[in-house]
1. Looking at segment B:178-262, which trypsin sites (Lys or Arg not before Pro) are in a loop (DSSP not H, G, I, E or B) and have at most 10 other Cβ atoms within 10 Å?
2. Where nothing but the Cβ of Lys and Arg (+1) and of Asp and Glu (-1) is charged, how large is the charge dipole of chain B around its Cα centre, in debye to the nearest 20?
3. Putting +1 on Lys and Arg Cβ atoms and -1 on Asp and Glu Cβ atoms, find which of A:Leu215, A:Gly125, A:Tyr262 reaches farthest to the positive end of the dipole of segment A:63-286.
4. Got a sec to turn the phi values of segment B:41-48 into Karplus ³J(HN,Hα) couplings, 6.51 cos²θ - 1.76 cosθ + 1.60 with θ = phi - 60°, whole Hz, x for Gly and Pro?
5. When every alpha-carbon pair in segment B:130-226 is counted, what percent end up more than 20 Å apart?
6. GNM on chain A, C-alpha springs below 10 Å: top fluctuator among A:Leu69, A:Leu272, A:Leu16?
7. If I model a spin label as a point 7 Å beyond the Cα along the Cα-Cβ vector, how far apart are those points for A:Ser196 and B:Asn137 in nm?
8. Take every Cα-Cα pair in the protein assembly as shown and report what % of them are more than 37 Å apart.
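All of the numbers you see were taken from the coordinates with simple rules; none came from a lab. Since the structure is predicted, the reported quantities are computational estimates derived from the model, not experimental observations. Cβ: placed from backbone, ideal geometry, glycine included. Neighbour counts: every protein chain shown.
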Amino acid sequence: MRQYRKTALLFLAPFLTVFVAFYLTPVFYAIYLSLFIRKRVGIGPAKEIFGGLANYIRAIQDGDFLNGLKNMFVFGVVQVPVMLGLAIILALLLAESRGIFMKICRTAFFMPYGIPSAIGALIWGYLYSPNLSPFNQVLGALHGGAIDFLSPGVVLYSIANIVTWTWTGYNMITLFAALQNIPTELYEAAKVDGASPWDIVRSIKIPLLMPTLKLLFIFSVIGTSQLFTEAFVLRPLGYVADNITPNLYLYLTAARDANYSYAGALAILLALLIFVISGPFLRRISSK
Amino acid sequence: MAIKQPSAPAEPGDAIAPPPAAPQVEADSSPVPGVLRNVVLGAFLLYCLLPATWIIAAMTKDNGQIFSTFGLWFATPIHFFENLSGLFTYQNGIFLRWFGNSLVYAGSITLGSTLICAMGGYAFSKYDFPYKQLLFNFILGTIMVPSTALVLPLFLLLNKVGLVNTMWGVILPSLVNPFGLYLMKTFWDSGFPSELIEASRLEGASEWQIFWRIGMPLMQTGLVTVALLCFVGAWNNFFLPLIVLSQDSLYPLTLGLNVWNSVSSAAGGRPVYNLIALGSLISVLPLLVAFVVLGKYWRGGLTAGATKG
């Protein structure tokens, strides 16, 4: 097939061109930038000088960055399992439904995924906003109380709710499709052997959904590490800390403080962290 | 030997749609009673529709009513038509401009990215070349890189070549779509047999003709799926335009409506929550239409990657 090597390269050329120009180059540029620090030498404006790993050493001691990582970790162990648990329950229930109600649910559950996250977060922001929130209108009418969904201690959970609202349906549809791919003979055989409906869920459905579930878990963790839009959109409406997610913090470091070299180091560290966490999972899945 | 033509174009969705609802479980074999099942599904249905309810109510109110009346129900008098004309005239009708921009961004990114992925996936599926597997795994691995890691240095690079604050600055970087490449490769693997290529070569067809005239028409399902995923991604894009664009006449809808929100929420700003609500609804309409019309492609495409494992 040697004769076709050149043809293959031509077919690949457009993808490789944009991939190198707009994907690889920025990554290497970020690595390069991250090796510089800004320093004031004598009188005059600060200069960018080579600093080696100084930015990285600063980053791993940076309380703001670590706070973002901590929140990301909370998300990973609380929001992701809750969302995937919900998705699996809904998928199992939906697989047993029929008719128009099933179709309405299938469409409506999935709909939030199609709504731009910047728009979804905006609308949830209004549902949270102290002046507008219908929840607080109800609470106020009942016993005069109110919850500030955008206050420092609560806002992380408010963001978690937006993410859950957006992605549960997507995860559910994927699991639902995987359920449909399970051969029905398996259920028949289990029933002949005297398995109860719970046994079938526990011993057939859940184990066969595991590969899909693992993949969804990885995608969710990657998504968690990229959390930005929701936090950014809620900022004008309430109190959202600059360091609530690593991504918001590094965006502000670059866009507001114009410290691109430090933002570069933060970005590289974050990417490495994701690689370390999700790499082994992904390898195990792709080797199957 | 004649080139074997496919007898009929594959029914859209054929290859990937889940099999038509096989009644695999009778009602009596469910571990959960039907009533409980419907209650749980119904509760989640309400949760999913909650923001839509607020929006639909808010788009019929003026700003005063949005603050003073119950958020999840309508109020009289109805101000829907005032809001509609307000939306298209506020700030010299910039909303329409944003809508057009979103169409330009999403349209060009979808066309370009789908074609690039179709060609690249074809190369990986049908040809052999050195380091093929290594390159493919490397490209797939980059899916894990957080977008912020890219966008900030990307901004500096775009600045150097004068693409900052231009439409190209949003469009060109969005053409990169590793997941689309992966999807197209799997579609080519399963939907276009290599024997067909061999036969076409014997007939004297060029490699490009085989790809474009024989292969592409067979790839309908795959192309629509990848195009839909591209369209959703491009229509929803927020971070890249936020960084690259500073001139509001170039904004897509997602960015424009958020600017209105920032202004509305700022001290002394004129609140236009009624216009934002109506604008939000209009901004999701193209996606909802695409979803309802092409539902089976969505479901198929989303699950194609995840259920192969």
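1. Numbers: sites: B:Lys185, B:Arg201, B:Arg213; in loops: none.
In loop regions of segment B:178-262 (DSSP not H, G, I, E or B), there are no sparsely surrounded trypsin sites (Lys or Arg not before Pro).
2. The calculated dipole for chain B is roughly 420 debye.
3. Checking the options against the dipole of segment A:63-286, the answer is A:Leu215.
4. Running phi through 6.51 cos²θ - 1.76 cosθ + 1.60 with θ = phi - 60° gives 4, x, 5, 5, 4, 4, 4, 5 Hz.
5. Details: 2678 of 4656 pairs.
Within segment B:130-226, distances greater than 20 Å cover 58 percent of Cα pairs.
6. Sorting by GNM fluctuation, first place goes to A:Leu16.
7. Taking the two extended label points, one gets 4.6 nm.
8. Numbers: 68948 of 177906 pairs.
That tail contains 39 percent of the Cα-Cα pairs.
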